[in-house]
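What follows is one structure encoded as structure tokens, with my remarks underneath.
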Amino acid sequence: MKPIALITGATSGIGEACARKFAQGGYNIIITGRKADLLKSLADQLKGMGADVLTLLFDVRDAKAARAAVDSIPQEWRNIDVLINNAGLALGLDKEHEGDMEDWDIMIDTNIKGLLTMTRYIVPGMVERNSGQVINIGSVAGDAAYAKGNVYCATKAAVKTISDGLRIDLADTAVRVTNIKPGLVETNFSVTRFHGDQQRAEGVYKGIKPLTGDDIADVAFYAASAPKHVQIAEVLVLATHQASGSVIYREG
Ligand code: NDP
Ligand code: 8X3
């Protein structure tokens, strides 16, 4: 029987790339997200790659909907080997004292509470089976704040602490916890951050070759494939010309 990976926020970017990578790598995939049409087309693509696919449509901020979705998972899909807590976003790039409080709520509810909700629902099964891998998508933004990053950076710092806490609490089990902290990855991330302003989003990746979702999926797959006695606890993955959240060398 193939191992099973559940990926949140699989309808775009890093999550979508992880779905493809794990399907190629011999997993059956549970893809979750909020956009039914995108989930369906990704499911068709993954099936074409030989994976069995289950789609779950819910918003990670809605703990009741997440509970119902997890409860709807058929018996043969319940032994989830890998949970990739990827769904997340940045909204806005403003000085903290001028920030949009609704944006703050959405980031906190998605990046922190959504990740915790999925962890709470999926990890007990892993503990029961004494087997499993949690991969949280943190960020270089969680290592240190950068200008106008404030609340987004704080949510990713929380992902680091939550990952560390889970790793400590699971140290007496064989369940492994990985926090992947990407730098600049060209996905829909900046379009979302700038509320649909495509031009401003493109500016983020100007003069530098950014990472791709596939680069991050490779790291996630490596963490999940490492020998059982090896726990890839944390990985910072930067573009070659990025040195930290705020030090980026751009050509031109
Ligand atoms: P994308 O915008 O391309 O993808 C984000 C995914 O998360 C989408 O599928 C989106 O679905 C989903 N999502 C957002 N909110 C929710 C929600 N409430 N419920 C369910 N799904 C949701 O960006 P990335 O692929 O870049 O982002 C993925 C993760 O990587 C995020 O956690 C982000 O913070 C992190 N990250 C990204 C970096 C980058 O530079 N791109 C760098 C470091 C970390 P929908 O379309 O429905 O919103
Ligand atoms: C996304 C990377 O540097 O834009 O987490 O915050 S950054």
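The values are calculated or read from the model by the stated rules, or taken from the named source; none is laboratory data. Source: prediction; values computed, not measured. We place every Cβ from the backbone using ideal geometry, glycine too, and count neighbours over all the protein chains shown. What goes into the accessible areas is simple: the full protein's heavy atoms, side chains included, and nothing from ligands, DNA or RNA. Shrake-Rupley method; radii C 1.70, N 1.55, O 1.52, S 1.80 Å.
In the chain, helical runs assigned H by DSSP with n ≥ 4 each contribute -39500 (n - 2.57); averaged across all residues and rounded to the nearest 500, the mean residue ellipticity at 222 nm is -12000 deg cm²/dmol.
Magnitude of the charge dipole for the stretch 1-75, about its Cα centre and with charges confined to Cβ atoms of Lys, Arg (+1) and Asp, Glu (-1), is about 80 debye. Note on residue 27: accessible area approximately 20 square angstrom, rounded to 10, probe 1.4 Å, nucleic acids and ligands left out.
Probe radius 1.4 Å, ligands and nucleic acids ignored: give me the carbon and sulfur share of the accessible area of the chain as a rounded percent. Answer for the chain: carbon and sulfur cover 52 percent of the accessible area.
The Rg/Rh ratio for the chain is 0.95, where Rg is the radius of gyration of the alpha carbons and Rh is the Kirkwood radius.
Let me know the charge dipole size of the stretch 1-130 about its Cα centre in debye, to the nearest 20, where only the beta-carbon of Lys, Arg (+1) and Asp, Glu (-1) is charged. Mind dumping the intermediate values first?
Details: 15 positive and 18 negative charges, 139 e Å.
For the stretch 1-130, the charge dipole is close to 660 debye.
Magnitude of the Cβ-charge dipole of the chain, K/R +1 and D/E -1, about the Cα centre, nearest 20 debye?
On the way: 27 positive and 30 negative charges, 89 e Å.
The dipole of the chain has a size of about 420 debye.
Rolling a 1.4 angstrom probe over the protein heavy atoms with all chains in place gives the chain an accessible area of 48 Å² per residue.
For residue 144 and residue 230, what is the calculated FRET efficiency with R₀ set at 22 Å and r taken between the beta-carbons, to the nearest 0.05? Write out the running numbers ahead of the final one.
Numbers: r = 28 Å, r/R0 = 1.25.
Between residue 144 and residue 230 the formula returns 0.20.
Beyond 18 Å between alpha-carbons counts as too far, so tell me which of 64/181; 21/47; 64/160; 64/113; 160/181; 21/209 fall in that bin.
Numbers: 64/181 29 Å; 21/47 13 Å; 64/160 25 Å; 64/113 13 Å; 160/181 9 Å; 21/209 21 Å.
Correct reply: 64/181; 64/160; 21/209.
The peptide list 68-77, 170-179, 187-196, 12-21, put in order of mean Cβ contacts within 10 Å with the highest first, becomes 12-21, 170-179, 187-196, 68-77.
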